[in-house]
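Have a look at the structure below, then the notes.
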């Protein structure tokens, strides 16, 4: 006899659950409640309407709560029909459906609340590390560019100095290619004639003839 009663109760509970889920599928009264970690306590509010009468709560495990006589160490029905869950664990996650009756048209209204554990994205987890790493990489790049710029500038200065030194040496070679004969004022043209001559008084003369005397 006891088995029959238990089977009937289970059948009624399943029928209520199926009926509730089917009705909720057409309802848009959905909301979500998030926890950041297990062990937190949450309160699920059915509705704040005054023109409805509480019917029951349907839990994620298909168990129903119809009044405050429900006994559970972590789940309790409050006087305002809200559901209080202390120390949320994995089995508490899921959809909670609150069923009420509209007193105006006597039709049931359902409110679904999805309780879930927040899972941060990869960016949220490593954002701090990315920011620090990016800043460090930027600083290293700036230092590298600065060092390269300074080195390039120094290289350009060295090249300019070398070019000036080569030019001066070429001028000296051109000048010494023409020497005076016993300081008599006569200039002798060497095989490196370039049209540049050094007078006895030390004056550099350009565009002059091959050999000339003063």
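Every residue in the range 74-100 that is over 12 Å from residue 44 (Cβ atoms), in contact (Cβ under 8 Å) with a residue 12 or more places away in the chain and more than 37 Å from the chain's Cα centre (by Cα), please.
Hits for the range 74-100 are 74, 99, 100.
Which residues, taken from the range 59-73, are surrounded by 13 or more Cβ atoms within 10 Å (Cβ to Cβ) and farther than 19 Å from residue 41 by Cα?
Step one: of the range 59-73, the residues surrounded by 13 or more Cβ atoms within 10 Å (Cβ to Cβ) are 59-60, 62-66, 70.
Of everything in the range 59-73, those that are surrounded by 13 or more Cβ atoms within 10 Å (Cβ to Cβ) and farther than 19 Å from residue 41 by Cα turn out to be 62, 63, 64, 66.
Out of all the residues in the range 38-73, which are within 41 Å of the chain's Cα centre (by Cα), in contact (Cβ under 8 Å) with a residue 24 or more places away in the chain and within 22 Å of residue 102 (Cβ to Cβ)?
44, 45, 46, 47, 58
Within the range 71-83, is even one residue part of a helix (DSSP H, G or I) and out of contact with any strand residue (DSSP E or B) (no Cβ under 9 Å at 6 or more places or on another chain)? So that I can check it myself, show each step before the final result.
Looking only at the range 71-83, we keep the residues that are part of a helix (DSSP H, G or I), and these are none.
No - not one qualifying residue is present in the range 71-83.
In the same structural domain as residue 31 (by TED's automatic domain parsing) and more than 19 Å from residue 30 (Cα to Cα), is that true of residue 48? Talk me through it step by step, then tell me what you get.
Numbers: in the same structural domain as residue 31 (by TED's automatic domain parsing): yes; more than 19 Å from residue 30 (Cα to Cα): no.
When the stated conditions are applied, residue 48 does not pass them.
Among the residues of the range 88-125, which ones are surrounded by 15 or more Cβ atoms within 10 Å (Cβ to Cβ) and assigned to a helix (DSSP H, G or I)?
92, the sole residue that qualifies.
The values are calculated or read from the model by the stated rules, or taken from the named source; none is laboratory data. Source: prediction; values computed, not measured. When we count neighbours, we look across all protein chains shown, and the Cβ atoms used for this are built from the backbone with ideal geometry, even at glycine.
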